[in-house]
Amino acid sequence: MRATEAAAEARRVMEICNACRYCEGFCAVFPAMTLKRDFSDADVSYLANLCHGCRGCYYACQYAPPHEWGVNVPATFALLRTDTYAEYAWPPRAAALFQRNGVVVSLALAAAVALVLILAGLANPGGAFTAARPVAPGAFYDVIPLWAMQVVGIASFGFALAAMAMGARNFWRDAGARGAGPVAIGLALWDVLTLRNLGGGGNGCNDNSERFSMRRRWLHHAMFYGFMLCFAATCTGFVYHAFLGWHAPYPLLSAPVVLGTVGGALLLAGTGGMIAMRQVADPAVNPRALLGADLAVLVLLSLSALTGLVLLALRGTGAMGPALAVHLGVILALFVTLPYSRMIHGVYRGLALLRRAAERNMTPTSG
Ligand code: SF4
Ligand code: SF4
């Protein structure tokens, strides 16, 4: 991890917290912090990704602004996390582009992919792209050729997987732990799947003030499981197509459609709630500089759900072709930007939880 301004500030703040330790029971960050006396840039990178931004320690802190020490752990870690997304990303230049213009890059990418698919669809003979047709197996491939969908799909999904794997490797090499065995992996997985830490001590997060709320946890649950259900719908569709020879669009009560509809509705509810919360967030703990990148991923996620539901509603009409092109454009843009957006925090946070689980039996230093 490079010695950035945010990393230096995180080290300063962690040294104060390590002497104070008032927040020791708040989250996984503070017990992990107590294992160290000195903090390297890699250590603060790990702690920043272990933080889930509940803001509890900010509203509880007697040294928070206007105190002259200006301790602000959530804002410091939020800025440092953004540095880590750029630091570990592959290729690094792509991350810098996304950090500067997240919303514009995402929408431009979605529009570009949709345009390629629209052109491929328009090249079909006899106006097939805009012709109304019954919802029958293979109808999607009548409006946009299968090869066009496969080429852009495999290229963008394969790129996203490779870039995320490289990012995870870079993070673990720099800020991971040695000797994370099966028990540690099991504990970390449990934390990820239950989003346990977002529950705080049972009262949830401090969204905007000293008041606790479970709203953020439930919205994250909706987004996480909505996304996973949509992904399961895509995988099921792939199995149907590749191994069973059943071609899309599928009936309303088929597994891909049911999984995608429930997942899309959850994703839409979760992202809509998070966008609304981000608009009124306390700027003291939610740096304005991160607003664009925060909104970019939420907008892309909500558009992917919305365009999927619109496509479902327009099947069988002359608008099915354009709706399919736009939906695929948004989905593939989401995949390509995944390794550089806030979504990559899910990967780094999972690895940070793994290091925490691997170090669970280490003895804290004296404060
Ligand atoms: S955030 Fe403030 S109160 Fe909490 S441990 Fe750090 S210095 Fe102490
Ligand atoms: S903001 Fe929440 S999760 Fe992050 S360090 Fe503070 S208490 Fe822990």
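What is the distance, in nm, between label points placed 7 Å from the Cα along the Cα-to-Cβ direction at H67 and at Y141? Each label point is offset 7 Å from its Cα along the Cβ direction, giving 6.5 nm. Would you mind finding the longest exposed-site-free stretch of the chain, with exposed trypsin sites (Lys or Arg not before Pro) meaning DSSP loop and at most 15 other Cβ atoms within 10 Å? Excluding the exposed sites themselves, the longest stretch runs over 212-359. Of the whole protein surface, L115 contributes about 100 Å² of accessible area at a 1.4 Å probe radius.
Using protein chains only and a probe of 1.4 angstrom, how many square angstrom of L119 are accessible, to the nearest 10? Ignoring ligands and nucleic acids, L119 comes out at about 100 Å².
Can you give the longest run of the chain that contains no GluC sites (Glu not before Pro) sitting in a DSSP loop with at most 13 other Cβ atoms inside 10 Å? Result for the longest clean stretch: 211-367. The share of C-alpha pairs in the range 89-357 whose separation exceeds 26 Å stands at 47 percent. Surface composition of the chain: carbon plus sulfur atoms hold 67% of the accessible area, using a 1.4 angstrom probe and ignoring ligands, DNA and RNA.
Entry comment: accessible area of the range 140-205 is 53 Å² per residue, from protein heavy atoms only and a probe of 1.4 Å.
Maximal additional length on extending the V280-T365 stretch stands at 26.7 nm, based on 0.36 nm per residue less the C-alpha distance.
The values are calculated or read from the model by the stated rules, or taken from the named source; none is laboratory data. Small disclaimer: the values here were computed from a predicted structure and weren't measured. Every residue, glycine as well, gets a Cβ built from its backbone with ideal geometry; the counts of neighbours run over all protein chains shown. Just the protein is used for accessible areas: all its heavy atoms, side chains included, with ligands, DNA and RNA removed. Shrake-Rupley method; radii C 1.70, N 1.55, O 1.52, S 1.80 Å.
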